[in-house]
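Let me begin by presenting the structure, written as structure tokens, before commenting on it.
The values are calculated or read from the model by the stated rules, or taken from the named source; none is laboratory data. Since the model is a prediction, treat every value here as computed from it, not as a measurement. Methodologically, a virtual Cβ is constructed for each residue, glycine included, from the backbone with ideal geometry; neighbour enumeration extends over all protein chains shown. Protein only, heavy atoms only, side chains kept; ligands, DNA and RNA dropped before computing areas. Shrake-Rupley method; radii C 1.70, N 1.55, O 1.52, S 1.80 Å.
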Amino acid sequence: MLVHPSAIDLSTAHLCHLSRVMATRRREIGSRRRLTPRRQALLALAHLRCGDTYAQLAAGFGIGIATVYRYVREAIDVLAALAPTLDEAMVTARSKAYVILDGTVLPINRIAADRPYYTGKKRHHGMNVQALTDTFGGLLWASPALPGATHDLTAARKHGIIDALADAGLKCWAD
């Protein structure tokens, strides 16, 4: 079997940025890891962008599957902390002519017993995520995930998107 780290269709700037943030996080918590911050960032981005499985990444990076899970989870937590809040996104959106709100159902692996995650429209299990973008499709904000059976309008209400848009006096296109 041929084993190698993953190739990703992202710029080096993305890798360098996540590497710096991971190194800062390690210094804050006083942690040492087997992989360097750059290799951990590459591992996390390979999973997030390419969908490489934990087993593939473990073999490619020479670490255990549990370690891969921990490294990816840590990187996701760091990235989530960098994400803007809905209020911060509204401040940015005020400078736009209008914004676009769209929901998507991201497929996940679940068993048949997990009914809230099953979406009849897509005919698979998933998580509903609402995205607020500018007129060119640039991401301003992404919501936390809800079960796939949640309707887009219900999700927008639960996250407070409709109220935030009304309070900001923004025009919004949505489906």
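In segment 72-84, the qualifying residues are those that are within 30 Å of Q56 (Cβ to Cβ), of a type outside the set (D, E, K, R) and touching a residue at least 12 places away in the same chain (Cβ under 8 Å), and the one that is most open to solvent (accessible area, probe 1.4 Å) is L82. Within segment 17-69, restricting attention to residues that are touching a helix residue (DSSP H, G or I) at 6+ places or on another chain (Cβ under 7 Å), assigned to a helix (DSSP H, G or I) and of a type in the set (G, A, S), the residue that is most open to solvent (accessible area, probe 1.4 Å) is A55. Residues in segment 85-101 that are exposed (fewer than 15 other Cβ atoms within 10 Å of the Cβ) and of a type outside the set (A, V, I, L, M): T85, D87, E88, R94, S95, Y98. Quick check, is S19 modelled with pLDDT of 90 or more and polar (S, T, N, Q)? Criteria met by S19. Can you confirm whether segment 120-139 contains a residue that is assigned to a helix (DSSP H, G or I) and either out of contact with any Phe, Trp or Tyr (no Cβ under 6 Å at 6 or more places or on another chain) or open to solvent by less than 50 Å² (accessible area, probe 1.4 Å) (or both)? No, segment 120-139 contains no residue that is assigned to a helix (DSSP H, G or I) and either out of contact with any Phe, Trp or Tyr (no Cβ under 6 Å at 6 or more places or on another chain) or open to solvent by less than 50 Å² (accessible area, probe 1.4 Å) (or both). Of the numbered criteria (1) crowded, with 19+ Cβ neighbours inside 10 Å; (2) in contact with a Phe, Trp or Tyr (Cβ under 7 Å, 6 or more places away or on another chain); (3) of a type outside the set (D, E); (4) part of a loop (DSSP other than H, G, I, E, B), the one T150 fails is (2).
Contact annotation: residue pairs with Cβ atoms under 6 Å, 6 or more positions apart or on different chains, pairing a residue in segment 94-106 that is closer than 30 Å to R123 by Cα with a partner that is part of a strand (DSSP E or B) and open to solvent by 70 Å² or more (accessible area, probe 1.4 Å), are I100/W173.
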